[in-house]
Amino acid sequence: MANESDANLPLAVLIDADNANPSIVEGLLTEVAKLGTASVKRIYGDWTTPNLSSWKSVLLEYAIQPIQQFRYTSGKNATDSAMIIDAMDLLYTGNFSGFCLVSSDSDFTRLAARIRESGKWVYGFGERKTPRAFVSACDRFIYTEVFVQAQDEVDKASVSAKAKTLRGNTKLINLIRSAIEAASDENGWAQLSPVGSFINKTANDFDPRNYGFAKLSELVKAIGLFEIDRREHRIYVKDNRKKTKS
């Protein structure tokens, strides 16, 4: 499997128009650019229906290719089938190192698993309502709500208010503590980058933006249970419960 987050990593971006919103596209493609290069950008739906009309200007602006799929039978999602078939065709070309599947539909769970079995990265993008099975089937899953939130406008008052809520999130606190423990030295200090890597491997849908912070360092600082130290342009963290050895 290729290295993750390689700027030259060729990616296929496949969007389920019935289960995604046009407002996420700018943020979505910005996120994809952090992971690699979107060599293919396709979106699937029945473009003869009025409910997809809001997509049309977005497709032109971002050069996303619309794939027409008529609804042959009421209650059956032909769009999903078309997207799955295209994904497998692209997989067999061997030209892509990863796939970005944009949908909140659990029907793509097996597709994600199959692509990963072929040694390719799978990045899922969907709303928080996305079934856990699909989330878990991806290498990483990013909730699209973060693309439409004003993450850069977190003032001191809101940070203070969030800190109390964050400290009450036992699952989050234990996740961060476990990551620090796994990456720490004998004095309990851990470099933040390995901590972040451990967290992403443990919880593939983790994202500090889910909690209203642009960076992991900001989230850890806001919680108030961890000590932070900056050394030569690197950030180190320590669980405040751990005492430094003398």
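The values are calculated or read from the model by the stated rules, or taken from the named source; none is laboratory data. Small disclaimer: the values here were computed from a predicted structure and weren't measured. Neighbour counts run over all protein chains shown; Cβ positions are idealised from the backbone, glycine included.
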Check your understanding: Quick check, is L60 part of a helix (DSSP H, G or I), loosely packed, with under 14 Cβ neighbours inside 10 Å and free of Cβ contacts under 8 Å to residues at least 60 places away in the same chain?
Key -> yes
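Report yes if some residue within the range 31-43 is touching a helix residue (DSSP H, G or I) at 6+ places or on another chain (Cβ under 6 Å) and under 20 Å from T130 (Cβ atoms); otherwise report no.
Taking the range 31-43 as the starting set, the residues that turn out to be touching a helix residue (DSSP H, G or I) at 6+ places or on another chain (Cβ under 6 Å) are 38, 43.
Adding the requirement that they be under 20 Å from T130 (Cβ atoms) leaves 43.
Checked the range 31-43: at least one residue is touching a helix residue (DSSP H, G or I) at 6+ places or on another chain (Cβ under 6 Å) and under 20 Å from T130 (Cβ atoms).
Each row is one residue, and each column tells you yes or no for (1) at pLDDT below 70; (2) in the same structural domain as S197 (by TED's automatic domain parsing); (3) exposed (fewer than 13 other Cβ atoms within 10 Å of the Cβ).
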residue	(1), (2), (3)
T130	no, no, no
A137	no, no, no
I142	no, no, no
L166	no, yes, no
T170	no, yes, yes
I173	no, yes, no
Practice item. Go through A179, A161 for me and flag whichever is among the aliphatic types (A, V, I, L, M), free of Cβ contacts under 8 Å to residues at least 24 places away in the same chain and within 22 Å of S136 (Cα to Cα). Key: A179
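Provide a single number: the residues in the range 86-117 that are over 20 Å from the mean Cα position of the chain (by Cα) and farther than 21 Å from Q68 by Cα.
4
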Exercise for review: Would you mind finding the one in D107, D89, D80 that is acidic (D, E), over 13 Å from V13 (Cβ atoms), modelled with pLDDT of 95 or more and part of a helix (DSSP H, G or I)?
Suggested key: D89
Practice item. Give me the pairs, please: first residue somewhere in the range 129-147 and among the basic types (K, R), second residue anywhere and in a helix (DSSP H, G or I), beta-carbon distance under 8 Å, and either six or more positions apart or on two chains. Key: R140/N200
Check your understanding: Does F206 fit the bill of being aromatic (F, W, Y), within 30 Å of W121 (Cα to Cα), touching a residue at least 24 places away in the same chain (Cβ under 8 Å) and surrounded by 19 or more Cβ atoms within 10 Å (Cβ to Cβ)?
Key -> yes
